[in-house]
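The values are calculated or read from the model by the stated rules, or taken from the named source; none is laboratory data. Predicted model, so just to flag it, every value in this text is computed and none were measured. Glycine gets a Cβ as well: all are built from the backbone with ideal geometry, and neighbour counts include every protein chain shown.
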Ligand code: SF4
């Protein structure tokens with residue numbers, strides 16, 4: 001015990017602890033397409049099964065934090081369920097009724113009946129723990145939730161199934177985005193089609209096409225397998241390389257500063273407001289601090305609009321001007 005540093009021991013033990021926590025979710029994952037993969041890049045999902053990589057320490061901590069947050073929320077959800085007289089079931093595994101290669105693992109399902117078979121109403125809660133809560137849920141979160149809603153609805157057609165994303169960050173801020181999503185036939189069928197396509201590639205040992213996104217920067221297969229990046233031209237000019245390094249470093253710093261800014265705002269709000277007095281405006285030193293409430297943003301689900309009101313969608317759709325984006329991925 002005394003011969004090794006604490007850090008080295010933590011790093012040695014962390015992978016097995018995380019593996020144990022996610023055993024149930026990961027069971028048999030090499031033969032199935034799961035809900036968390038449906039919303040992401042198909043190539044990355046298949047490669048991660050074919051060539052699994054060891055997650056680094058920050059990623060392992062991210063997993064552990066997510067798990068710990070989920071466990072600490074157990075009592076909160078039990079209390080809410082009791083208050084409404086609903087049944088709460090954690091960790092619900094659901095397969096596509098005709099294809100056991102498509103599977104979801106749902107964090108929590110509230111139901112108005114003692115079992116899911118006899119319930120007429122269900123509410124899914126998909127919990128997300130991220131460093132900073134995005135202003136609107138990521139598309140991949142919504143697609144994962146829609147797939148969960150779809151599979152549950154398909155399995156229990158007698159019920160009305162809805163779902164929410166519940167996101168928390170490290171400072172204690174939380175959001176459910178003020179939306180409860182409903183079953184959407186078009187989205188569900190599209191996701192099942194995508195899942196079947198991915199499954200076919202998985203079983204045949206072939207590669208699906210990649211889908212580029214902001215998450216490519218974190219992809220372990222970017223430079224080894226992904227045609228989008230592997231075939232990118234290599235530039236070795238010192239000046240370009242130094243500029244790219246600098247931009248990458250600044251981008252990292254901006255993210256850290258934004259995260260800190262959010263934490264400080266949350267702390268200030270806790271110090272200056274209360275449940276009875278949620279607003280504040282006052283002079284602190286030479287600065288004026290204002291804490292106010294604004295109306296939530298009104299948004300519209302474009303996929304539903306296009307599916308159910310195609311004429312209105314076509315008439316109101318506006319394309320913005322193309323613009324250039326510079327990113328260090
Ligand atoms: S780099 Fe991006 S596009 Fe390529 S496999 Fe990874 S996630 Fe997919």
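Determine whether residue 275 is without any contact (Cβ under 8 Å) to a residue 60 or more places away in the chain, surrounded by 10 or more Cβ atoms within 10 Å (Cβ to Cβ) and out of contact with any helix residue (DSSP H, G or I) (no Cβ under 8 Å at 6 or more places or on another chain). When the stated conditions are applied, residue 275 does not pass them.
Of all residues in region 38-49, those that are in contact (Cβ under 8 Å) with a residue 12 or more places away in the chain and at negative phi have Cβ atoms under 9 Å from Cβ atoms of residues that are within 9 Å of the ligand (Cβ to nearest atom) and not in a loop (DSSP other than H, G, I, E, B), 6 or more apart or on another chain, in 38/45; 40/215; 41/215; 41/216; 43/227; 43/228; 44/215; 44/216. Considering (1) surrounded by fewer than 15 Cβ atoms within 10 Å (Cβ to Cβ); (2) assigned to a strand (DSSP E or B), the lone condition that residue 90 does not fulfil carries the number (1). Residues that are in contact with a helix residue (DSSP H, G or I) (Cβ under 8 Å, 6 or more places away or on another chain) and away from the ligand (no atom under 14 Å from the Cβ) were ranked within region 39-56; the one that is nearest to residue 126 (Cα to Cα) is 55.
What pairs come out if I take residues in region 52-63 that are under 20 Å from residue 222 (Cα atoms) and pair them with residues that are outside any helix (DSSP H, G or I) whose C-beta lies under 6 Å away, six or more apart or interchain? Note: pairs meeting the criteria are 53/220. Looking at region 123-131, can you tell me whether even one residue there is out of contact with any strand residue (DSSP E or B) (no Cβ under 7 Å at 6 or more places or on another chain) and either in a strand (DSSP E or B) or modelled with pLDDT under 95 (or both)? The answer is yes; a qualifying residue exists. The residue that is surrounded by the fewest Cβ atoms within 10 Å (Cβ to Cβ), counting only those in region 93-112 that are at pLDDT below 95 and not in a strand (DSSP E or B), is 98.
Restricting 151, 170, 199 to those that are in contact with a strand residue (DSSP E or B) (Cβ under 9 Å, 6 or more places away or on another chain) and in a loop (DSSP other than H, G, I, E, B) reduces the list to 170. For region 10-22, the criterion of being within 16 Å of the ligand (Cβ to nearest atom), within 28 Å of residue 194 (Cβ to Cβ) and surrounded by 13 or more Cβ atoms within 10 Å (Cβ to Cβ) is met by no residue. Close contacts from region 68-97, counting a first residue that is within 17 Å of residue 122 (Cβ to Cβ) and a second that is loosely packed, with under 12 Cβ neighbours inside 10 Å, with Cβ to Cβ under 6 Å and a gap of 6+ residues or different chains, come to 87/114.
When 187, 235 are checked against the criterion of being more than 9 Å from the ligand (Cβ to nearest atom), on the phi < 0 side of the Ramachandran plot and surrounded by 14 or more Cβ atoms within 10 Å (Cβ to Cβ), 187 stands alone in meeting it.
Once region 213-227 is narrowed to residues that are part of a helix (DSSP H, G or I) and surrounded by fewer than 16 Cβ atoms within 10 Å (Cβ to Cβ), the residue that is nearest to the ligand (Cβ to nearest atom) is 215. You will find that of 101, 113, the residue that is over 19 Å from the mean Cα position of the chain (by Cα) and closer than 30 Å to residue 31 by Cβ is 101 and no other.
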